[in-house]
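Input: a single structure, listed below in structure tokens.
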């Protein structure tokens, strides 16, 4: 009989939910409990996730607080805006890791600008690699898991802003994501015939919902307000994010100084890797892993720092980071059930 901490997954029929199921099944200290997906209640898990044959006899349950409360920890992989109502029905001391946006933003004005409905509040932000984050996450009863784009950009720029190497008022990010980042709901824009062979921009012009989250996290690192221009791209691949983040260099800053700041921040981190000089990140190298790959250069011609980051949007950008946060909340080895090694080819 498998022993360990029982976890429930709500929103288990989505891409991030399926990744959570996969990671929990392979975790040495976690045991899968209730598997909920309101729109698929009563269906076999393998009808939606054929990659998980050991769950062939398991069916999705309806998403009820009473069911989820039977677990020792709950993962919420619900659409943005749906977590708060469900959390209200859960016991206050039950650990919850929310993969949605409901509790990421501290400012109510940021929420109401980018999301519908009322602001639900603010939980500890689950990006363990940020300074001081682990102290807030260890033993936490509530954790807000970061967004995928926000993880890629914050890891890339936070050390440079903290070290005063770049200006906080002129940050520009262009990032490409695989189609799984848009979720599982079918739309015309996500049809294979629309996506294959095409790279397209969407939600440009400062309207993407991760913008205030990135500004909040980077502002905390900089110790002052950060203004960011963000252009997301849809790439013809299932998973992965490649983000190119640039910021105005302070006078005299070199590539060596940028790399040194990243290395000082991440050399002891199990999941963040600054690549050797001259090697640039690829999404393929991070596929299936909880890793972030980084490279930096000082563009002296334009006076800008350039940091390229790559990660798997469903792992370090969602489910893997949620498991990393759950490990911290439960007092387990932070790396348990996770790998920094990617799949290739």
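Coordinate-derived values only; no laboratory data. This one's a predicted model, so the numbers in the text were calculated from it and none came from an experiment. Cβ sites come from the backbone with ideal geometry, for glycine too, and all protein chains shown count toward neighbours.
Along the Cα→Cβ direction, 7 angstrom out, place labels at residue 57 and residue 282. What is the inter-label distance in nm?
Inter-label distance under the simple model: 4.3 nm.
Helix-only mean residue ellipticity at 222 nm, the chain, DSSP H runs n ≥ 4 weighted -39,500 (n - 2.57), per residue, nearest 500. What is it?
-7000 deg cm²/dmol
Would you list 293, 119, 49 from fewest to most Cβ contacts within 10 Å?
With the sparsest Cβ surroundings first, the list reads 119, 49, 293.
Taking only Cα atoms, what is the 0 to 90° angle, nearest 10, from helix 15-25's long axis to the longest principal axis of the chain?
For 15-25 against the chain, the angle is about 70 degrees.
Calculate the spin-label point distance for residue 170 paired with residue 44, positioning each point 7 Å from the Cα along the beta-carbon direction, and give it in nanometres.
Going from the residue 44 label point to the residue 170 one covers 6.0 nm.
If each residue's Cβ is checked for other Cβ atoms within 10 Å, how do 268, 98 rank with the fewest at the top?
268, 98
With the calculation restricted to Cα positions, what are the radius of gyration and Dmax of segment 88-157 in angstrom?
Rg and Dmax of segment 88-157, Cα atoms, are 12.6, 38 Å.
Give me the compactness ratio for segment 1-144, meaning the Cα radius of gyration over 2.2 N^0.38 Å.
1.06
Under a GNM of the chain (C-alpha, springs under 10 Å), which listed residue has the highest mean-square fluctuation: 201, 156, 71?
Its mean-square fluctuation being the largest, the pick is 201.
For segment 258-332, compute the orientation-averaged projected area of the C-alpha convex hull (one quarter of its surface), in nm².
In nm², the orientation-averaged hull projection of segment 258-332 is 5.8.
For the chain, what are Rg and Dmax over the alpha carbons, in angstrom?
Computed over the Cα atoms of the chain, radius of gyration and Dmax are 19.5, 62 Å.
In cubic angstrom, how much convex hull volume per residue do the alpha carbon atoms of segment 149-313 span?
116
Can you tell me the orientation of helix 320-330 relative to the chain, as the angle in degrees between its alpha-carbon axis and the longest Cα principal axis, to the nearest 10?
Value to nearest ten degrees: 70.
Compute the long axis of helix 148-162 from its Cα atoms, compare it with the longest principal axis of the Cα atoms of the chain, and write down the angle in degrees, 0 to 90, nearest 10.
40
So, in Å, what gap is there between the alpha-carbon centers of segment 125-174 and segment 85-116?
When both Cα centres are located, 18 Å separates them.
What is the spin-label model distance, in nm, from residue 269 to residue 31 if the labels are put 7 Å beyond Cα along the C-beta direction?
3.4
Shape of segment 133-210 from its Cα gyration tensor (a ≥ b ≥ c, root eigenvalues): rounded if a/c is under 1.5, otherwise prolate when a/b > b/c, or oblate?
oblate
Running a GNM on the chain with Cα contacts under 10 Å, which residue among 195, 97, 323 ends up with the highest mean-square fluctuation?
In the Gaussian network model the winner is 195.
In what sequence do 113, 255, 63 fall when counting other Cβ within 10 Å, fewest first?
Arranged by neighbour count, lowest to highest, 113, 255, 63 become 113, 255, 63.
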